[in-house]
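Chemist: Take this structure first; my questions come after.
The values are calculated or read from the model by the stated rules, or taken from the named source; none is laboratory data. Predicted model, so just to flag it, every value in this text is computed and none were measured. Because the Cβ atoms are built from the backbone with ideal geometry, glycine has one as well, and the counts that use them run over all protein chains shown.
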Amino acid sequence: MSKVLVISGHPNLDQSNANSAILQSLTKRIDDIEVRRLDTLYSNNPIDVEAEQKALLEAEVIVLQFPFYWYSVPALLKRWIDQVFTYNFAFGPEGDKLANKHFLLSISVGGPKESYGPLGYNHFSVEEFLRPLEQLAYLAKMQYHKPIYSHRMVYIEGVYNTLSDVQARGDQHGKRVADAIDVLMNSPELRIKQFVTTWFGQFDQLPASSEAFLSNLSEEVVWQAPEGRFQGHAGFNDWYAWARKTFKPNCEHRVDQIDIKPDADSAKPNGFIVDLRINLRADTFESSDFNGESVEVQVKERWHVHIDTEGKVIIDSYVVSPL
């Protein structure tokens with residue numbers, strides 16, 4: 001799984017000095033990166049929507065890399081957006097599959113900086129032209145970040161710029177994008193998302209010892225579930241003993257939705273509220289209340305967490321409610 005996914009929307013990347021330099025700069029600076037070249041994948045082929053959606057689902061940061069064509073994206077990238085950002089995937093009642101992913105636009109602009117603005121011949125800023133993509137991110141519940149763009153990114157021999165200047169700008173542009181991604185990858189929101197994945201991965205195994213969970217639970221944690229209210233590490237251990245007597249190991253917690261926001265009322269610094277929708281599939285023991293039947297339940301969970309001085313996610317309260 002690549003944490004950083006770059007969608008290259010140039011229709012002919014091999015002939016692009018600027019975009020080629022940007023992508024080279026990115027790949028040499030970011031280890032966990034996947035670049036999907038739409039020109040080699042789909043110039044003459046139908047878009048594989050399933051493969052593209054899978055790549056998006058596996059990414060934490062999504063970057064659209066493209067040249068600014070007529071104040072917008074190239075037609076190839078527009079076709080990709082139209083076909084991949086589908087109903088109940090990117091929008092609609094179940095369209096939260098991209099929620100909370102970081103969304104970054106990286107753009108090579110041919111014209112000079114002074115041409116974009118009320119007094120320039122393009123009249124509007126680059127950001128104003130990008131409003132539709134910004135709204136795309138909002139509708140898909142992604143986290144939209146300030147776009148990164150560079151001007152004078154076209155080389156016309158003997159007419160406009162020099163090749164070395166364009167390539168140097170491309171390398172510097174890539175560094176700016178890589179630096180921005182580095183900040184995002186170390187954000188508390190991403191740290192919490194990664195913790196959620198690890199947390200439920202451990203629960204799927206239901207290990208004999210609860211130590212792996214206790215290290216991320218506040219000593220005063222309040223654990224509220226349909227089975228009752230439990231407090232502190234001792235209370236969690238009581239609940240966990242019930243869970244291990246009820247569910248067989250190798251169950252499956254699927255995280256269908258996760259929303260993270262700062263907790264303004266937290267008494268601790270770096271506090272966050274985490275709202276989740278979880279689908280649980282599990283086999284049960286015959287001695288349990290489920291009499292050995294397989295179960296599939298949907299629940300919503302709300303966590304109050306904080307990040308301690310060592311960067312560890314600590315759960316202060318954990319509320320589970322059936323849907």
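Chemist: Could you look through region 287-318, keep only residues that are acidic (Asp, Glu) and over 15 Å from Asp275 (Cα atoms), and pick out the one that is surrounded by the most Cβ atoms within 10 Å (Cβ to Cβ)?
Modeler: If we filter region 287-318 for residues that are acidic (Asp, Glu), which is where we start, we get 289, 293, 296, 301, 308, 310, 316.
Within this subset, residues satisfying the condition of being over 15 Å from Asp275 (Cα atoms) are 289, 293, 296, 308, 310.
Numbers: Asp289: 11, Glu293: 11, Glu296: 10, Asp308: 13, Glu310: 6.
In this case the residue turns out to be Asp308.
Chemist: Would you say Arg229 is outside any helix (DSSP H, G or I), more than 17 Å from the chain's Cα centre (by Cα), at pLDDT 95 or above and surrounded by fewer than 16 Cβ atoms within 10 Å (Cβ to Cβ)?
Modeler: Working: outside any helix (DSSP H, G or I): yes; more than 17 Å from the chain's Cα centre (by Cα): yes; at pLDDT 95 or above: yes; surrounded by fewer than 16 Cβ atoms within 10 Å (Cβ to Cβ): yes.
Yes, satisfied.
Chemist: Among the residues of region 85-110, how many are small (Gly, Ala, Ser) and surrounded by fewer than 17 Cβ atoms within 10 Å (Cβ to Cβ)? Even if it seems obvious, please write down each step before you answer.
Modeler: Looking only at region 85-110, we keep the residues that are small (Gly, Ala, Ser), and these are 90, 92, 95, 99, 106, 108, 110.
With the extra rule that they be surrounded by fewer than 17 Cβ atoms within 10 Å (Cβ to Cβ), the set shrinks to 92, 99.
Result for region 85-110: 2.
Condition check ((1) farther than 30 Å from Gln167 by Cβ; (2) over 21 Å from the mean Cα position of the chain (by Cα); (3) not assigned by TED's automatic domain parsing to the domain that holds Gln194) across all residues:
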site	(1), (2), (3)
Arg29	no, no, yes
Ile33	no, no, yes
Ala55	no, no, yes
Ala59	no, no, yes
Trp70	no, yes, yes
Thr86	yes, no, yes
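Let's see how each residue does on (1) touching a residue at least 24 places away in the same chain (Cβ under 8 Å); (2) assigned to a loop (DSSP other than H, G, I, E, B):
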site: Phe89; (1), (2): yes, yes
site: Glu94; (1), (2): no, yes
site: Asn100; (1), (2): yes, yes
site: Leu105; (1), (2): yes, no
site: Gly120; (1), (2): no, yes
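Chemist: Within region 208-225, can you find the residues that are under 29 Å from the mean Cα position of the chain (by Cα), exposed (fewer than 15 other Cβ atoms within 10 Å of the Cβ) and not in a helix (DSSP H, G or I)?
Modeler: Hit for region 208-225 is Ser215, nothing else.
Chemist: On to the next question. From the list Leu26, Leu56, Leu13, exactly one residue is surrounded by 17 or more Cβ atoms within 10 Å (Cβ to Cβ) and farther than 30 Å from Thr197 by Cα. Which is it?
Modeler: Numbers: Leu26 fails: farther than 30 Å from Thr197 by Cα; Leu56 fails: farther than 30 Å from Thr197 by Cα.
Just one listed residue meets the conditions, Leu13.
Chemist: Might you let me know whether region 172-180 holds any residue that is in a helix (DSSP H, G or I), in the same structural domain as Val109 (by TED's automatic domain parsing), among the polar types (S, T, N, Q) and under 29 Å from the mean Cα position of the chain (by Cα)? Please lay out each step first, then the result.
Modeler: To start, the set of residues in region 172-180 that are in a helix (DSSP H, G or I) comprises 172-180.
Checking which are in the same structural domain as Val109 (by TED's automatic domain parsing) leaves us with 172-180.
Remaining after also requiring among the polar types (S, T, N, Q): 172.
With the extra rule that they be under 29 Å from the mean Cα position of the chain (by Cα), the set shrinks to 172.
Yes: region 172-180 contains one or more residues that are in a helix (DSSP H, G or I), in the same structural domain as Val109 (by TED's automatic domain parsing), among the polar types (S, T, N, Q) and under 29 Å from the mean Cα position of the chain (by Cα).
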